[in-house]
Amino acid sequence: MAHIARHHEHVGKTYDKSGLVTYGFDYEVERLEKHQPVEYAITKRYLQRYISDGATVVDVGAGVGHYSELLARRGCNIYLVDVAERLLATAKERLVTAGLERHLRSAHHASATDLSFLPDACCDAALLLGPLYHLDMAEERQKALAEASRLLRPEGLLFAAGINRMTWLNAFFNNETNNVLEERDFFERYIHDGRFYPPDPDQPGYVYLSTIEEFRAEFAVAGFTQLVFTGVESFANYDQTALLKADAQNTEVWLDLIEQTGTTPEGLGMTGHFLYIGQR
């Protein structure tokens, strides 16, 4: 059994709760398709482009299995990992219900920092599309990257997501009930280190939001070679649901423009999520 730290368990239990507004099981089930369709569509584009049919993939922080299903339908063999037991069970059931059970290698309740139940060099690609922004200490993020590297075969690919530090400042700025005078010291520190602990017990514990340079540098330290670094939502971050109102042809044009601008300084500055693709 892998070791799960207590604060990682708290994250998992929060995501397994029902009835929460911006976190929790119910929200996570519909998050990508209903609330963040741009993030979903652009991430799928990169996964489709870089991961070959039939590859072996470990999906760490699999959530309810959106990306695992996408890849399994292309013949990829999947290791599921999540710190939230209910999400993990739902991801597993998703593959079974879709008739893709033969592509499920195993499912593990574990944190990204300890994947010792999986052997070295067992995967062609590793997905870390959720864990890194719930690991607030740099040492923990490096552990997660080291574990992903260990699982990858030579020249294997890492897909990792981070959250832009400016997004939470924007959310606070637009919340009329918040008083910045009372929180001035906190904001000064947050701008510097990106760490905060939401006071609401129905939110995950420590959260880490990154700057562009901090995020890129962590993968260099871990020994990965950058292939792609992009702002997933680019200019479309603030109301992603607009994409759902477009017809198929307009949707593809918008996604082309979002992808085209995502790698620019302007797109990276406006985005909500960073996506890094690196090679071992």
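Cross-link reach is defined here as a Cα-Cα straight distance under 12 Å, omitting same-chain residues fewer than 8 places apart; for Lys92 the aspartates and glutamates meeting it are Asp59, Glu69, Asp82, Glu101. Modelled spin labels at Val221 and Glu93, positioned 7 Å past Cα toward Cβ, are 3.9 nm from each other.
Each Lys and Arg Cβ is given +1 and each Asp and Glu Cβ -1; about its Cα centre, the chain then shows a dipole of about 780 debye.
Comparing Asn237, His134, Asn77 along the charge dipole axis of the chain, the residue lying farthest to the positive side is Asn77, per the Cβ-charge model. Highest GNM mean-square fluctuation, the chain, Cα pairs closer than 10 Å: which of Gln226, Gln240, Gln249? Comparing Gln226, Gln240, Gln249 in a Gaussian network model of the chain, the most mobile one is Gln249.
Modelled spin labels at Glu266 and Arg153, positioned 7 Å past Cα toward Cβ, are 4.2 nm from each other.
In sequence order, the stretch 100-105 has phi-based couplings of 10, 4, 5, 8, 8, 6 Hz under the Karplus curve 6.51 cos²θ - 1.76 cosθ + 1.60, θ = phi - 60°, and Gly or Pro positions carry x.
Calculated on C-alpha atoms, the gyration radius of the stretch 60-219 divided by its Kirkwood radius gives an Rg/Rh of 1.03. Quick one: go through the stretch 18-49 and flag any residue whose amide nitrogen is under 19 Å from the point 7 Å out along the Cα-to-Cβ line of Ala171. From the stretch 18-49, the list is 18-40.
Along the axis of the charge dipole computed for the chain (Cβ charges of +1 for Lys and Arg, -1 for Asp and Glu, origin at the Cα centre), the listed residues Leu157, Ser18, Phe187 are led at the positive end by Leu157.
Placing unit charges on the Cβ atoms of the charged side chains and taking the dipole of the chain about its Cα centre, the candidate lying farthest along the positive direction among Leu88, Leu268, Tyr27 is Leu88. Between the amide H of Thr271 and those of Ser234, distances stay under 5 Å, these residues lying 5 or more places away or on another chain, with hydrogens modeled in the peptide plane.
Mind ordering 186-197, 142-153 by average Cβ neighbours within 10 Å, highest first?
For the peptides 186-197, 142-153, the packing ranking is 142-153, 186-197.
Listed from fewest to most Cβ neighbours within 10 Å, the set His109, His35 follows the order His35, His109. As a proxy for reagent exposure, Thr261, Thr43, Thr271 were ordered by neighbouring Cβ count within 10 angstrom, fewest first; the result is Thr261, Thr43, Thr271.
To make sure I understand, if each residue's beta carbon is the centre and we count other beta carbons within 10 Å, what order do Arg74, Arg280 fall in, fewest to most?
Numbers: Arg74 14, Arg280 21.
Ordered by Cβ neighbours within 10 Å, fewest first: Arg74, Arg280.
Shape analysis of the stretch 175-280 yields a ratio of the Cα radius of gyration to the Kirkwood radius, Rg/Rh, of 1.05.
Per the Kirkwood formula applied to alpha carbons, the chain shows a radius of gyration over Rh ratio, Rg over Rh, of 0.94. Applying 1/(1 + (r/R0)^6) with R0 = 22 Å to the Cβ-Cβ distance of Ser116 and Ala138 gives a FRET efficiency near 0.55.
Sorting 162-169, 101-108 by their mean Cβ neighbour count within 10 Å, with the most densely packed peptide first, gives 162-169, 101-108. Each part gets one Cα centre, and for the stretch 197-276 versus the stretch 7-23 those centres are 22 Å apart.
By the rule of a C-alpha distance below 23 Å, with chain neighbours fewer than 8 residues away ignored, the lysines paired with Lys143 are Lys13.
Bear in mind these aren't lab numbers, they're just calculated from the coordinates by the rules spelled out. These numbers come from a predicted model, not from an experiment. When we count neighbours, we look across all protein chains shown, and the Cβ atoms used for this are built from the backbone with ideal geometry, even at glycine.
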